[in-house]
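Colleague: One structure, as structure tokens, below. Some questions next.
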Amino acid sequence: MRIDIISATPEVLESPLNHSIIKRAKEKGLAKIFIHDLREYGMGNYRQIDDTPFGGGAGMVLMIEPISKCIEGLKNQRLYDEIIYMTPDAKTLTQPISNALSLKKNILILAGHYKGVDQRVRDKYITKEISIGDYVLTGGELAAAILTDSIVRLIPGVIGDETSALTDSFQDNLLSPPIYTRPSDFKGMKVPNILLSGNFPKIDEWRSEKAFERTQQIRPDLLDEPSK
Ligand code: ADE
């Protein structure tokens, strides 16, 4: 799978997308991630990429021309399954959205300024708009990194243990059950006996129960949603 990300501050994306599992996915050739510096498509000597909003108001708005040049150039080279704009005024990212995106071949992500982009960019190019939550970040870069991470880890072969991505919280509308590792006794804090029993059907049953209990306590809203 290939993911292209357009950003006015590409440095912000470098670190989150060059470590651990994402790094390994890239090294294995399972994910190709390219970051495009919007500034390189900027207007005039100063490589301008944003301007004040028509009608007044605070903040700067990303202009359509640099974005158009960048997107058109990329679209000329390949077909994109989705062109996604990261913005707080959109539907919130959920696991089913990441699941669906992980099956695509080419995805283009536009990270916006906090004030946003010219509406015509959204009207002309964007096929999907995604927010990572009901709060406002200074830019869409961290949101784009989060979306990319959530997609790439689902690509088959990226996570060593094939089943582990599928048993994550949210995959079945349930939060994860508690997990433990060595030591089995830390200063009197003991790991539940069942997990040491070797009785795997019973362990599965215990985990399901705990997952349900946790969801009921912390996110009862998830239990009302239809299963995916
Ligand atoms: N850009 C700024 N805030 C954002 C958010 N919550 N989600 C996606 N993109 C954003």
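Colleague: Give the residue that is farthest from the chain's Cα centre (by Cα), with candidates limited to residues of the range 125-145 that are touching a residue at least 60 places away in the same chain (Cβ under 8 Å) and in a helix (DSSP H, G or I). Full working, then the answer.
Modeller: If we filter the range 125-145 for residues that are touching a residue at least 60 places away in the same chain (Cβ under 8 Å), which is where we start, we get 139-142, 144-145.
With the extra rule that they be in a helix (DSSP H, G or I), the set shrinks to 141-142, 144-145.
On the way: Glu141: 10, Leu142: 9, Ala144: 6, Ala145: 6 Å.
Filtering first and then ranking leaves Glu141.
Colleague: Sticking with this one: Let me confirm something: among Pro53, Pro16, which residue is under 24 Å from the mean Cα position of the chain (by Cα), in a loop (DSSP other than H, G, I, E, B) and of a type outside the set (S, T, N, Q)?
Modeller: On the way: Pro53 fails: under 24 Å from the mean Cα position of the chain (by Cα).
Going through Pro53, Pro16 in turn, the sole match is Pro16.
Colleague: Of the residues in the range 173-186, how many are in a loop (DSSP other than H, G, I, E, B) and open to solvent by 90 Å² or more (accessible area, probe 1.4 Å)?
Modeller: Here is the first cut: in the range 173-186, the residues in a loop (DSSP other than H, G, I, E, B) are 173-184.
With open to solvent by 90 Å² or more (accessible area, probe 1.4 Å) added as a condition, the list becomes 179-182.
Summing the residues that are in a loop (DSSP other than H, G, I, E, B) and open to solvent by 90 Å² or more (accessible area, probe 1.4 Å) in the range 173-186 gives 4.
Colleague: Assuming Arg207 fulfils every condition listed in (1) of a type in the set (Lys, Arg); (2) at pLDDT below 95; (3) surrounded by 15 or more Cβ atoms within 10 Å (Cβ to Cβ) apart from one, which condition is it?
Modeller: (2)
Colleague: Yes or no: Pro201 part of a loop (DSSP other than H, G, I, E, B) and exposed (fewer than 15 other Cβ atoms within 10 Å of the Cβ)? Quick ask: steps written out before the conclusion?
Modeller: Numbers: part of a loop (DSSP other than H, G, I, E, B): no; exposed (fewer than 15 other Cβ atoms within 10 Å of the Cβ): yes.
For Pro201, the condition - part of a loop (DSSP other than H, G, I, E, B) and exposed (fewer than 15 other Cβ atoms within 10 Å of the Cβ) - is not met.
Colleague: Going by what's in this entry, would Ala31 be described as in the same structural domain as Thr138 (by TED's automatic domain parsing) and more than 16 Å from the ligand (Cβ to nearest atom)? Walk me through how you get there before you give the answer.
Modeller: Values: in the same structural domain as Thr138 (by TED's automatic domain parsing): yes; more than 16 Å from the ligand (Cβ to nearest atom): yes.
It is true that Ala31 is in the same structural domain as Thr138 (by TED's automatic domain parsing) and more than 16 Å from the ligand (Cβ to nearest atom).
Colleague: Another question, then. Would the range 133-151 turn up any residue that is among the β-branched types (Val, Ile, Thr) and open to solvent by less than 30 Å² (accessible area, probe 1.4 Å)? Spell out the reasoning first.
Modeller: Narrowing the range 133-151 to residues among the β-branched types (Val, Ile, Thr): 136, 138, 146, 148, 151.
Next, from what is left, pick out any that are open to solvent by less than 30 Å² (accessible area, probe 1.4 Å): 148, 151.
Yes - at least one qualifying residue is present in the range 133-151.
Colleague: Now for a separate question. Which condition from (1) over 20 Å from Gln48 (Cβ atoms); (2) away from the ligand (no atom under 16 Å from the Cβ); (3) in a helix (DSSP H, G or I) is the one that Ile71 breaks?
Modeller: So the condition that Ile71 fails would be (1).
Colleague: Can you confirm whether Leu93 is farther than 26 Å from Glu40 by Cβ, within 16 Å of the ligand (Cβ to nearest atom) and hydrophobic (A, V, I, L, M, F, W, C)? Talk me through it step by step, then tell me what you get.
Modeller: On the way: farther than 26 Å from Glu40 by Cβ: yes; within 16 Å of the ligand (Cβ to nearest atom): yes; hydrophobic (A, V, I, L, M, F, W, C): yes.
Spelling it out, Leu93 is indeed farther than 26 Å from Glu40 by Cβ, within 16 Å of the ligand (Cβ to nearest atom) and hydrophobic (A, V, I, L, M, F, W, C).
The values are calculated or read from the model by the stated rules, or taken from the named source; none is laboratory data. Keep in mind the model is a prediction, meaning the values are calculated, not measured. Please note: Cβ atoms are built from the backbone with ideal geometry, for glycine as well, and neighbour counts cover all protein chains shown. We work out accessible area using only protein heavy atoms, side chains counted, and drop any ligands, DNA or RNA first. Shrake-Rupley method; radii C 1.70, N 1.55, O 1.52, S 1.80 Å.
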